[in-house]
Amino acid sequence: MINIRQEVPLFSYNTFGIPATASVFVESDDATELADFVRSLPDPSSAFLLGGGSNVLFVSNRCELVIHPVIKGIEVTAETGDDVWIRAGAGEGWDDFVSWCVARNYAGVENLSHIPGTVGACPIQNIGAYGTEVKETVETVETIETATGKTVTFNNQQCQFDYRDSFFKKHRGKYLITAVQFKLSKRFEPNVKYAGLKTELSRNTHVTMENMRQAVISIRSRKLPDSAELGNAGSFFKNPTINTAKSREINELDPQAPLYPVSHGYWKMSAAWLIRHAGWKGMQDGNVGTHKRQPLVIVNYGGATGKEVLDFAQKIIDSVDQKFGIRLDPEVNVV
Ligand code: EPU
């Protein structure tokens, strides 16, 4: 059913806990209804499409129109001896979906346990953690094209997935995601490529999918702040890719600096290392700061505005650039 409300505070709809107001807030659990609503809008591109609000920073105090799809349902749509296809509504909580899959021994998303947000948001920034990205299991993404209200389904290739990037991120607001279909496996092979995960599981002689999920949850709970206690949107910046010349400069400063090869001549550099070495770990400026354990996460100590958070982030960007000649790129969606 469609529910249209006016003057809705967005404070509880974003994990940063930033105060903003939606002039009109539209919620529906029905894709057809949402398509009809979108078709009725004079300027559908002006709508802000809200998922779980875990990767957004509201900088302007007001959003004219917010659309919040709450479409539910998880179902197996096909299966073979080894594989299973599962379709989930955009409004399902991402971690509820992961838990559902792990409970049924469907493998492929267990390393992505405990990530906040919704199923509908997962393809937008191609969520990734502990050696897995969601692009490895997304089969199709069902959407409503906001300009026309038409249903458009994207296959994996058409999603143009990249590190924390996709077609949907590049064309923000143009497609409202209503459901995602995943291809998971009935054969579980633990992915322990990520060093920290391997250490966490070193006491297990036989690793089950549930062990994997619990290991990821333990690491995340130790490292990342809980947004219910301290407003945040996870990693604020992406880990930058740098060339070999720059990686040598970093190596000279610290031979232990975390650098991982991504392709010939290019390295993934830890943004947390750069922020720490530019002197920002645990720093607080008014209501905003970097998290004490994880400087990649910017936190709202209470009462921060989006503008304060953005100004603080800009100071970090400038400072890292000045010190290392590397410009950090925000991962969070600034609205
Ligand atoms: N890395 C590897 N192999 C390893 C260890 C690390 O390739 O064995 C890479 C990571 O993939 C990352 C970099 O080295 O690119 C730094 O790794 P670190 O463990 O320090 O993680 P991070 O930078 O703090 C990133 C993600 C997190 C994710 C963790 C675990 C970004 C911006 N952040 O954090 O995602 O949970 O790795 O995989 O890529 C988020 O996006 O909000 C988020 C919390």
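The values are calculated or read from the model by the stated rules, or taken from the named source; none is laboratory data. Since this is a predicted model, take the numbers as computed values, not measurements. Neighbour counts are summed over all protein chains in view; Cβ atoms, including those assigned to glycine, are modelled from backbone coordinates with ideal geometry.
Among the residues of the range 114-164, write down those that are out of contact with any helix residue (DSSP H, G or I) (no Cβ under 9 Å at 6 or more places or on another chain) and within 11 Å of the ligand (Cβ to nearest atom).
Passing the criteria: Tyr163, Arg164.
Name the one entry in Ala245, Ala228 that is surrounded by fewer than 15 Cβ atoms within 10 Å (Cβ to Cβ), of a type in the set (Gly, Ala, Ser), away from the ligand (no atom under 15 Å from the Cβ) and not in a loop (DSSP other than H, G, I, E, B).
Ala245
Taking the range 272-306 on its own, how many of its residues are within 16 Å of the ligand (Cβ to nearest atom) and either charged (D, E, K, R) or buried (at least 23 other Cβ atoms within 10 Å of the Cβ) (or both)?
13
Assess whether Gly149 counts as being surrounded by fewer than 23 Cβ atoms within 10 Å (Cβ to Cβ) and at pLDDT below 95.
Judged against the criteria, Gly149 is a match.
Condition check ((1) within 12 Å of the ligand (Cβ to nearest atom); (2) exposed (fewer than 15 other Cβ atoms within 10 Å of the Cβ); (3) aliphatic (A, V, I, L, M); (4) assigned to a loop (DSSP other than H, G, I, E, B)) across all residues:
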| position | (1), (2), (3), (4) |
| --- | --- |
| Asn191 | yes, no, no, yes |
| Ser202 | no, yes, no, yes |
| Asn211 | no, no, no, no |
| Ile219 | yes, no, yes, no |
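Here are some residues: Gly91, Gly51. Which one is in contact (Cβ under 8 Å) with a residue 60 or more places away in the chain, touching a helix residue (DSSP H, G or I) at 6+ places or on another chain (Cβ under 7 Å), assigned by TED's automatic domain parsing to the domain that holds Val109 and within 26 Å of Lys150 (Cβ to Cβ)? So that I can check it myself, show each step before the final result.
Values: Gly51 fails: assigned by TED's automatic domain parsing to the domain that holds Val109.
Within the list Gly91, Gly51, the selection yields Gly91.
Does Leu230 count as closer than 27 Å to Lys193 by Cα and modelled with pLDDT of 95 or more?
For Leu230, the condition - closer than 27 Å to Lys193 by Cα and modelled with pLDDT of 95 or more - is not met.
Where the second residue is of a type in the set (Lys, Arg) and within 6 Å of the ligand (Cβ to nearest atom) and the first is within 10 Å of Ala272 (Cβ to Cβ) and not assigned by TED's automatic domain parsing to the domain that holds Asn55 and lies in the range 229-240, which pairs have Cβ atoms under 7 Å and are six or more apart or on separate chains?
Short answer, once both residue conditions are applied: Asn239/Lys268.
How many of the residues making up the range 115-141 are out of contact with any Lys or Arg (no Cβ under 8 Å at 6 or more places or on another chain), closer than 20 Å to Glu79 by Cβ and surrounded by fewer than 21 Cβ atoms within 10 Å (Cβ to Cβ)?
Looking only at that region, the number is 2.
If Trp267 meets every condition in (1) within 21 Å of the chain's Cα centre (by Cα); (2) within 13 Å of the ligand (Cβ to nearest atom); (3) touching a residue at least 24 places away in the same chain (Cβ under 8 Å) apart from one, which number is that one?
Trp267 satisfies all of (1) within 21 Å of the chain's Cα centre (by Cα); (2) within 13 Å of the ligand (Cβ to nearest atom); (3) touching a residue at least 24 places away in the same chain (Cβ under 8 Å) except (1).
Within the range 255-264, can one find any residue that is within 14 Å of the ligand (Cβ to nearest atom), out of contact with any strand residue (DSSP E or B) (no Cβ under 8 Å at 6 or more places or on another chain) and not in a loop (DSSP other than H, G, I, E, B)?
yes
Looking at the range 129-163, which of its residues are closer than 23 Å to Asp29 by Cβ and acidic (Asp, Glu)?
Glu139, Glu142, Glu145
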